[in-house]
Amino acid sequence: MLTSSARQQLNELGFLAFPALLSPAQVSKFNQRIEELFALEGDGAGSEFKTEPGARRIANAVDKGEIFEQVIETPEVLEAMEAVLGPDFKLSSLNIRSANPRNGCAQPLHVDSGALPDALGYSVCNSVWMLDDFTERNGALRVVPGSHRSGRLPEPGAKVEGEILVTGKAGTVVVMNAHLWHGGSENFTDAQRRAMHVYYTRGDKPQQQYQKRLVRSEVQARLSPLGRKLLALDDLRNDELSVTGSGASGFMK
Ligand SMILES: O=C(O)CCC(=O)C(=O)O
């Protein structure tokens, strides 16, 4: 159960950390599977959605291992999603991002899907799962607290007052109103900084990755009822939105 002060932080600052949501053993399992995927996918990793200078990426992870199918159902995270998005929401995508050692650049500040709040309120909310410790030097998430309430997008390259780093131990999950101005910071260390992004959107918006087309039928067949609902597999409105909004590939930038 989210406490009222946690709800207030999410509402006012735009993010909330859940320390130790994953045990060290679970973190290791995710990292093992993720490194297998990077090895399997090689230079093409992430390219179904996007590649990024200074970072390794994997897209469409629900299709790439049972641990990813399960993680989208995490109750604490779903409760926080509902606090931001209301009761009608679905998974938008599940991606991995690993900031490369000494990558020489921060990821630009942005909001996810380029979305501003609309007449119905907030439409995008992400969760950043720390799979390595996030420190002040290794490319931790950076955010501008309260910026989700500005009604504006960050100006590319502009200096922004009030930015902070969100650090924490591996296993911490940060739920973030994705209208919040945020990005990865520069990694000054010799090690990768890995994270999983379990990203949700309001029911009336297209998914970033159209799960019904991208997730193989054998994976769809073994999902729980909640998993099917979160992927919007039986939601005709989502089919319509995704086909017109994201084109034949099923990926929307
Ligand atoms: O991995 C991070 O710290 C943030 C990444 C992010 O915001 C993104 O890829 O959209």
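Order of 63, 132, 239 from fewest to most other C-beta atoms within 10 Å?
Working: 63 18, 132 21, 239 15.
Arranged by neighbour count, lowest to highest, 63, 132, 239 become 239, 63, 132.
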For the range 87-165, what is Rg from Cα atoms divided by 2.2 N^0.38 Å, rounded to two decimals?
1.23
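With each run of n ≥ 4 DSSP H residues scored as -39500 (n - 2.57), what mean residue ellipticity at 222 nm is computed for the chain after dividing by its residue count and rounding to the nearest 500 deg cm²/dmol?
-7500 deg cm²/dmol
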Using Cα centres only, tell me the gap between the range 125-192 and the range 1-70 in whole Å.
14 Å
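May I ask you to derive the relative contact order of the range 1-119, considering only C-alpha pairs under 8 Å and at least 6 residues apart, and to give it as an integer percent?
Numbers: 80 pairs, mean separation 31.6, N = 119.
So the answer I get is 27 percent.
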Rank these for me by crowding, 67, 58, going from fewest to most other beta carbons within 10 Å.
67, 58
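When the dipole is taken about the Cα centre of the chain, and only Lys, Arg (+1) and Asp, Glu (-1) are charged at their Cβ, what size is it in debye, to the nearest 20?
Working: 28 positive and 31 negative charges, 31 e Å.
Using only the charged Cβ atoms, the result is roughly 140 debye.
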The farthest towards the positive end of the charge dipole of the chain, of the residues 178, 95, 109, given +1 on Cβ of Lys and Arg and -1 on Cβ of Asp and Glu, is 109
Note down the relative contact order for the range 4-204 as a percent, whole number, built from C-alpha pairs under 8 angstrom at least six residues apart.
33 percent
Residue order, fewest to most surrounding Cβ atoms within 10 angstrom, among 189, 201
189, 201
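No lab work stands behind these numbers, since they all come straight from the coordinates. All values derive from a computational prediction rather than experimental measurement. Here Cβ is always computed from backbone atoms with ideal geometry, including for glycine, and neighbour counts include all displayed protein chains.
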